[in-house]
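The structure appears right after this line, and notes come after that.
The values are calculated or read from the model by the stated rules, or taken from the named source; none is laboratory data. Since this is a predicted model, take the numbers as computed values, not measurements. Positions of Cβ are backbone-derived with ideal geometry, glycine not excepted, and every protein chain shown enters the neighbour counts.
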Amino acid sequence: MTTLIPFQLNAQGNPPFRTIFTLDSQSVVGTVTWNIFGQRWYLSLADQSGNNLWTGAMVGSPPGFDIFLAPDVFQTSTILYRTDTGNFEVTP
């Protein structure tokens, strides 16, 4: 089962996007920030203690092709960002 999480920015938020993902049956804090030098969004994933699990460019997956974020970090779960819908897709 895939869970969809909309990527909706909060212009007044610091960071502008933060949510809780469930990955490998654990709560993981996802934070998205803009990198001025790279001119792109970056996703950081941290455990509930604040330990960084993964940080990387938020590369979008086009329709019909999956580009996974945080590859090889989680045993059973996957996460990707779908550009055409503006949603994160988390499985399972």
Next on the checklist: Just to be sure I understand, how many residues within region 28-69 are more than 17 Å from N87 (Cα to Cα) and of a type in the set (S, T, N, Q)?
Outcome noted: 7
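Within the group D72, D84, D47, which residue is of a type in the set (D, E), surrounded by 12 or more Cβ atoms within 10 Å (Cβ to Cβ) and without any contact (Cβ under 8 Å) to a residue 24 or more places away in the chain? Lay out the reasoning, then the answer.
Working: D72 fails: surrounded by 12 or more Cβ atoms within 10 Å (Cβ to Cβ); D84 fails: surrounded by 12 or more Cβ atoms within 10 Å (Cβ to Cβ).
Within the list D72, D84, D47, the selection yields D47.
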Next on the checklist: Looking only at region 9-32, filter to residues that are modelled with pLDDT of 95 or more and among the polar types (S, T, N, Q); which one of those is surrounded by the most Cβ atoms within 10 Å (Cβ to Cβ)?
Outcome noted: T31
